[in-house]
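Only one structure is covered here, and it is reproduced in the block below.
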Amino acid sequence: MVTDLDIYLFDLRGFLKLEGALSANEVAALNGSLDAIPTMTPGEWYGYVHAHQYGTTDGLNYQQIYEAGTPFEALIDHPSWIDKVRHFIGGEGTFDYNHGALFIDENFANFRQQGEAIGIHSGGFAGAKRNQYRYLNGRFMCGQVNILIALTDIGPGDGGTMVIPGSHKSNFEHPDVLKHRMAAGASVDGIEGAEEVYMNAGDALLFVDTLSHGSARRTNEATRRVVIYRYGPSYGIFRFGYEPSPALLERLTPERRQIVQPMELLDRTPNLKD
Ligand SMILES: O=C(O)CCC(=O)C(=O)O
């Protein structure tokens, strides 16, 4: 359910913190499923899960993590956020809504170690259509809304997600972020106006991807674990060219399947004339 306060804060800041979005049992099941995957290095596959990295210092990603078992399948339309995501992606009754409301174009678990961080990126100034923040004629029509779920507690030194509240509407790039981008390896911490979000395992952060965001550098030992599902309108396409496995599509509920594959490709083989 979406409250008036959700709407006010999402519009104002570009994000909502959903405390206790997952139960301790759900968190334990997700961590257990991750532990069951043999350690991989970028480029390796475990079934349909792919080890991947954006850069060299932002940690390891296990992409297509909804293939890693039922605890991850449950995140596709989890009641703690799915109504809010649907509301902010919006588009009902428009051409955007052709085959259902939503599509997940990227879903992954991220493991971040000591010394790793991801630089602050994105912002309203960039004007990208894919992740745009949009409110028009009384309704939301955002291009991409992310759910980032903490699977470990994230406090000081743990490399928490950083956001610049309100930056989804910014007309200018933050001058310090600009400098950061030009100085390879510079720390993303201490950027005026940015906030580090501390979370308990099971908390989730819902944010429009236009928001300027990244993470602080992890200084503590051990590993930060988060899961990110990126939702957009149903006509989207996978960010990195993955495709869901036939087995996953077969076992998903119709509601989940529609979010994973809103439109089945037409099969021309039964009626081939050439
Ligand atoms: O890892 C994080 O805390 C931030 C995630 C991020 O940068 C993204 O979703 O693009």
Worksheet item: Pulled fully out, how much extra length does the chain show between residue 192 and residue 44, if you take 0.36 nm times their separation in residues and subtract their Cα-Cα distance?
Response: 49.4 nm
Discussion item. Place a point 7 Å from Cα of residue 245 in the direction of its Cβ. Which residues in segment 50-72 have their backbone N less than 15 Å from it?
Written reply: 50-51, 63-72
Item to complete: Sort 152, 70 so the one with the fewest other Cβ atoms within 10 Å of its own Cβ comes first.
Response: 70, 152
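Suppose the chain between residue 33 and residue 221 were pulled fully straight at 0.36 nm per residue; how much longer would it get relative to their current alpha carbon spacing? Walk me through the intermediate numbers first.
Working: separation 188, 0.36 × 188 = 67.68 nm, distance 2.21 nm.
Once the chain is fully extended between residue 33 and residue 221, it gains 65.5 nm.
For 141, 162, which order do you get if you count the other beta carbons within 10 Å of each Cβ and list the fewest first? All intermediate terms of the calculation are to be shown ahead of the outcome.
Numbers: 141 18, 162 21.
So the residues, fewest neighbours to most, are 141, 162.
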Fill in: Eligible lysines near residue 84 by straight Cα distance, threshold 18 Å, same-chain separation 8 or greater
17
Item to complete: Quote to one decimal, in nm, the extra length available between residue 74 and residue 235 on full extension: 0.36 nm per residue of separation minus the C-alpha distance between them.
Response: 55.7 nm
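With a/c under 1.5 counting as rounded, go ahead and sort the chain into rounded, prolate or oblate using the C-alpha gyration tensor (a ≥ b ≥ c being the square roots of the eigenvalues; past the cut-off, prolate if a/b is larger than b/c, else oblate). Show your work: numbers first, answer last.
Numbers: a/c = 1.57, a/b = 1.20, b/c = 1.30.
It is oblate, given that a/c is not under 1.5 and a/b is not larger than b/c.
Quick note: the coordinates plus some simple rules give every number you see, no bench work behind them. As the structure is a computational prediction, the values presented were derived from the model and not from experiment. Note that each Cβ is placed from the backbone with ideal geometry, even for glycine, and that neighbours are counted across all protein chains shown.
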